[in-house]
Each structure stands twice: as C-alpha cells, then as structure tokens.
1. If you take the residues of segment 1-27 that are touching a strand residue (DSSP E or B) at 6+ places or on another chain (Cβ under 7 Å) and hydroxyl-bearing (S, T, Y), which of them is surrounded by the fewest Cβ atoms within 10 Å (Cβ to Cβ)?
2. May I ask you to verify whether P334 is open to solvent by 10 Å² or more (accessible area, probe 1.4 Å) and more than 26 Å from D223 (Cβ to Cβ)?
3. Mind listing whichever residues of segment 44-57 are of a type in the set (D, E, K, R) and under 14 Å from D9 (Cα atoms)?
4. Restricting attention to segment 231-246, and to residues there that are assigned to a loop (DSSP other than H, G, I, E, B) and touching a residue at least 60 places away in the same chain (Cβ under 8 Å), which single residue is farthest from L336 (Cα to Cα)?
5. Within segment 125-139, track down each residue that is of a type in the set (G, A, S), more than 17 Å from T149 (Cα to Cα) and part of a loop (DSSP other than H, G, I, E, B).
6. Do any residues in segment 345-356 that are more than 8 Å from I288 (Cβ to Cβ) and small (G, A, S) have Cβ atoms under 8 Å from those of residues that are open to solvent by less than 20 Å² (accessible area, probe 1.4 Å) and part of a loop (DSSP other than H, G, I, E, B), where the two are at least six apart or on different chains, and which pairs are they?
7. Of everything in segment 1-41, what is over 19 Å from the mean Cα position of the chain (by Cα) and among the hydroxyl-bearing types (S, T, Y)? Give them in sequence order.
8. Could you list, in sequence order, all residues of segment 140-149 that are in contact with a strand residue (DSSP E or B) (Cβ under 7 Å, 6 or more places away or on another chain) and either outside any helix (DSSP H, G or I) or at pLDDT below 95 (or both)?
Amino acid sequence: MLSIETTQDVQDLARGAVLLGTGGGGDPYVGELFVREQIRRGRVPRVVAPEDLDDDAFVVSIAGIGAPTVIVEQLVSEKTLLRLLARAEAFYGRRIDALISAEIGGANSVFPLALSAISGVPVVDADGIGRAVPQLEMTTFSIYGVRATPCLLMDDAGNIVTVDAVSDRTAEDLCRAIVTAMGSMAFSAIYPMSGKQVRDCAVLGTLSQSLGIGQAIRLGREDGDPFVRLLAYLNAQQHRTARILFDGKVTDVRSETRDGWHWGLVTLQNLRDDSDVFTIQIRNEFIIGLHNGQPATMVPDLISVLDRESAEPLTAEMLTYGQRVKVLGFAADPKLRRPESLEVLGPRMFGLDCDYISIEDLAPALAD
C-alpha cells in the first residue's frame, strides 16, 4: 500500500500533482510545506486503497475552491482544517471514515493529506477526475452519480456556508458566487459518498500516480535526462499515451482573474524558428494546445508545461516571458473519455468550438 512517510515523498507527490494539475489546481507548495512539517513532528498522513474501504464507509472530499491565482497566496491553517472536519461531521451527522481528493491536480492533492496528518483520518488513493478541472460538476463523482451537495464551505475567518443544490451544475454556480464573496478562496467538505461509490465512481490509484511521476522526474535528473524516465513512466500507464508536443520559449503570457477563475493565453515559439508557434488557452487549467493554429491536444486530455532542463512542471501562474519549456500531452484516464464523460468534460463545455479528438489522433510525437 502507498505510504507517504518522508519529506521526499511529499515533495515527489506534490511535483507529480502539478503535472496532473494541467496548469491549474493551485500550486501545492504551501500545502506541501505543511505536510512536511507534520512529518517532522512525527505525524504521518495515512493512505488506504479503495478496495480496503467497507461498502458503507463514509467518505468526504476535502478541497479548496477558488481561483488558483489566489490559492497560491494562502497558507494552510491547522485550525481551519480541524474546524472544517469537526463541522463536517456535525453537518453530516456521522463520523467521516476517510477523505478523498476531489481532484488530484495541484493543491487539492495535498489538502486531504494535510488534514489526515493532523487528524488521523485516512486518505483514499483515488480522486474525482485524475487531473484538475475548473467546475464542480466536471468530476467522475458527479458524472457517475455522486452528488456534490449537501456540502459546506469555510474560509480562514471562520465564515461557514452550507449548500444543498438541485444539481451539481447549480451547486457550481452557488459555490462560485459564495467563494468569490469569501475572497476567491475557501475550503470545502463536499461529495459525501460511500466506500462502494468510491470504487464505482472515482479515478483510482492517483495518489500513487502523482508520487510515481514526481519520483520519475527526480530520478531522471540524476540520470541526466528527466524526460526519458518521465515519458517511460507515463507511457507505462494502462491505455494512456504521453508525448512531447512542443519545445520552445515563452514569448507572451496574458492572464486575468475574473468571476473566480483564471483566464489566459500563453504563446510559445520554437527556439530555432520564430514562425513555429504553439499557443495554450487557459481557464484555470490548460484546456487546448494549438500548434500553428491547429489543435495538438485538448480537454479532457492533459496538457502540462515543464521546464526544458529540469522537467519541473509549471502552473499557469508560474509562466513568464523568456522561459524555455517543453509542452507535454498525456491521454486522460479512460473514464474521462467515455461518451457520458465527454458530455461534461468535452471541449465545447469549456467554450471551445470543436469536438473532442484524442491526443493519439491529433499529435505525432515531437522528433528529436
């Protein structure tokens, strides 16, 4: 079973979570520092496999909701996390047996581990999407029958709002408005479910995958080329393909925080040919990559931008003019590619005027 017992484990997992965050999800660094400090104090997060949960176990997602540009500015408060757990158990009227990430990408991979370390409540090796997404209803939990509400939202000031919506799409609108009023950042206890629902609806093994990605990059640096080991690890995942889509430099970054989201556009140029251009559109996450105006990959497949030398994954907020980077495309988990998932996660749901085409059908691997 997966164990997170050392500060190195936490660093590796957080690095992998940034890659799976596809530019969004918030930088897990602050949460990583919190968990590392708990480990130094001898308080280690517990992780359980989905198959080890009882069918009637009560599982809840602990997640940050808001704009990634704001999430990166927030410290993780032990007092807030413990208050959230206590209020959630009072709200739902029962003890929480396990925690689960709503999304594995970015900061939300670390928040449940942080609460586990200080409370002893285990975290399930799974999540609700296998990446990061901007809206509540864009999860396999929601798609396959787990309701986001009733839920509660809490900010560091102690303000608490409960939400019980008629649909998860309505819950997204309500929570987004509430979180905007809370300063575009709040913690939530959301998606109450059973152990059986976890196995049926979650994307499984994603904490292990985050750790594996981070380890592959770190060990690859020691070998001299982190991309070789990273691509080998990703392409070893069942039914999934990873490719380097572009190698170049950042020449323009446009972004704004609006309506609780981070919107933006990143432009890259080939290092040897300025006419060879790659652009990435942002709505919290990287949602489509265009190579010379033609789609190279799109949601729900993953797009990640990595430092050209170290393969360190970068969030959208980290991108600045002049950085030399590589763009990685990674096929989404098969659950996200089913017709019922594409109705919620397809490019048109992100405002793009195109239907989903898989990375395998769109983009050849970049020639060496």
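1. Ranking the qualifying residues of segment 1-27, first place goes to S3.
2. Working: open to solvent by 10 Å² or more (accessible area, probe 1.4 Å): yes; more than 26 Å from D223 (Cβ to Cβ): yes.
Yes.
3. Our first condition is that a residue be of a type in the set (D, E, K, R); within segment 44-57, this holds for 46, 51-52, 54-56.
R46 - this is the single residue of segment 44-57 that is of a type in the set (D, E, K, R) and under 14 Å from D9 (Cα atoms).
4. Here is the first cut: in segment 231-246, the ones assigned to a loop (DSSP other than H, G, I, E, B) are 236-241.
With touching a residue at least 60 places away in the same chain (Cβ under 8 Å) added as a condition, the list becomes 239-241.
Details: H239: 12, R240: 12, T241: 14 Å.
Among residues in segment 231-246 that are assigned to a loop (DSSP other than H, G, I, E, B) and touching a residue at least 60 places away in the same chain (Cβ under 8 Å), the one farthest from L336 (Cα to Cα) is T241.
5. Within segment 125-139, the subset of a type in the set (G, A, S) is 126, 128, 130, 132.
Filter again for more than 17 Å from T149 (Cα to Cα), leaving 126, 130, 132.
G130, A132 - these are the residues of segment 125-139 that are of a type in the set (G, A, S), more than 17 Å from T149 (Cα to Cα) and part of a loop (DSSP other than H, G, I, E, B).
6. G346/V299; G346/P300
7. Across segment 1-41, the qualifying residues are S3, T6, T7.
8. Let us first name the residues in segment 140-149 that are in contact with a strand residue (DSSP E or B) (Cβ under 7 Å, 6 or more places away or on another chain), namely 140-141, 146, 148-149.
Hits for segment 140-149 are V146, A148, T149.
The values are calculated or read from the model by the stated rules, or taken from the named source; none is laboratory data. Everything quoted here is computed from the prediction, not taken from an experiment. Ideal geometry is used to build each Cβ from the backbone, glycine not excepted, and the neighbour counts take in all protein chains shown. Ligands, DNA and RNA are stripped out before the accessible areas are found, and what is left, the full protein with its side chains, is counted by its heavy atoms. Shrake-Rupley method; radii C 1.70, N 1.55, O 1.52, S 1.80 Å.
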